[in-house]
Amino acid sequence: MSWDTVRLEWNDDETVATLIVDRPDALNALDVATLEAMGEAIETAAEEDARALVLTGAGDAFIAGADIGYMRDLSTEEAQAWGELGHDVADALEAFPAPTIAAVNGYAFGGGCEMALACDLRVAGESAVIGNTEVDLGIIPGWGATQRLPRLVGDETARRMIFLGERLDADSAAEAGLVGEVVPDGNLEDVVAELAERIAAQPAFAVQSAKRALNRRYESTQPAGLEYEKQAFAGLFGTADQREGMTAFLDDRDPEFE
Ligand code: COA
């Protein structure tokens, strides 16, 4: 199945679905239509009983983030709806009945990193670069990273990464615990396909039950944290730093923050 900027492909025995964000001219940055299509593709894969779901990007990038051109002029109310949409897709990945794997094949910044964080597992190609870079744009991570990043890398590292907008190369990301495995770029697709097929060959009921149980660990405090994050994210739209950060990116110059 395909949408304008998203494709859903299946392996031969239709046990593993692969969701490909296919907007390579913008390094797969996520706009409204792409996020909506991702949501539909995830729902389709669940309805068709995928036993594993892979998320990746077309071309040389995973997802270079949320679409900055779209975000720049959002009002607080618009940013609230935008934040909700991104959260819905990340939540759908996290709640996907079967395991999900992010095949990080290049840049994974901001919202792209957050989509990878919402997956169960992450495998990176050796040239991947990963980080929550939102503060550099005068905003904060708005699709879950304030809650999901620390649980992978620990609180100290997450704070450093977010405060400094750090962009980690694949080996540093693995060292930090942000990805589980780094493989040569040319092997990424095969390694992830093999991992997904091994998971798909496991007893589905047990794997899915294990996933639900593992996810329970975070449910008591995470919803409140995510709710807080949504409000804080939207509240930054319209600030001078947000407008300047995004305008500077679009003008290809260094930002001058207040
Ligand atoms: N939103 C919108 N467009 C984006 C984008 C984003 N997050 N990331 C990249 N693009 C676009 C660029 O504007 C450019 O479009 P153009 O060819 O029409 O000018 C195209 O993708 C290629 O990007 P470019 O910056 O020219 O490539 P590069 O190889 O020099 O740098 C990055 C790649 C990823 C390092 C750089 O694009 C970048 O830093 N992107 C922003 C990352 C970010 O802050 N993401 C967080 C958003 S929440």
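Values computed for the structure shown
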{"quantity": "Criterion (of a type outside the set (D, E, K, R) and surrounded by 16 or more Cβ atoms within 10 Å (Cβ to Cβ)) met by exactly one of 193, 206", "calculated": "193"}
{"quantity": "Residue in the range 98-112 that is buried (at least 24 other Cβ atoms within 10 Å of the Cβ), near the ligand (Cβ under 8 Å from one of its atoms), more than 17 Å from residue 84 (Cα to Cα) and not hydrophobic (A, V, I, L, M, F, W, C) present", "calculated": "yes"}
{"quantity": "Candidate set: the range 137-159, residues that are in a loop (DSSP other than H, G, I, E, B) and β-branched (Val, Ile, Thr); chosen: the one nearest to the chain's Cα centre (by Cα)", "calculated": "140"}
{"quantity": "Residues of the range 49-88 satisfying the condition of being out of contact with any strand residue (DSSP E or B) (no Cβ under 7 Å at 6 or more places or on another chain), away from the ligand (no atom under 14 Å from the Cβ) and among the β-branched types (Val, Ile, Thr)", "calculated": "76"}
{"quantity": "Residue within the range 40-48 that is free of Cβ contacts under 8 Å to residues at least 40 places away in the same chain and more than 17 Å from the chain's Cα centre (by Cα) present", "calculated": "yes"}
{"quantity": "Odd one out for residue 129 among (1) within 15 Å of the ligand (Cβ to nearest atom); (2) surrounded by 24 or more Cβ atoms within 10 Å (Cβ to Cβ)", "calculated": "(2)"}
{"quantity": "Conditions (1) assigned to a helix (DSSP H, G or I); (2) within 15 Å of the ligand (Cβ to nearest atom); (3) loosely packed, with under 15 Cβ neighbours inside 10 Å; number of the one not met by residue 162", "calculated": "(3)"}
{"quantity": "Every pair of residues 6+ apart whose Cβ atoms lie under 8 Å, when the first sits in the range 123-141 and is among the charged types (D, E, K, R) while the second is more than 7 Å from the ligand (Cβ to nearest atom) and in a strand (DSSP E or B)", "calculated": "126/182; 126/183"}
{"quantity": "Among (1) farther than 27 Å from residue 135 by Cβ; (2) modelled with pLDDT of 90 or more, the one test that residue 212 misses", "calculated": "(2)"}
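The values are calculated or read from the model by the stated rules, or taken from the named source; none is laboratory data. Values in this document were obtained by computation on a predicted structure and should not be read as measured data. Cβ coordinates were reconstructed from backbone atoms using ideal geometry, including for glycine residues, and neighbour counts include every protein chain displayed.
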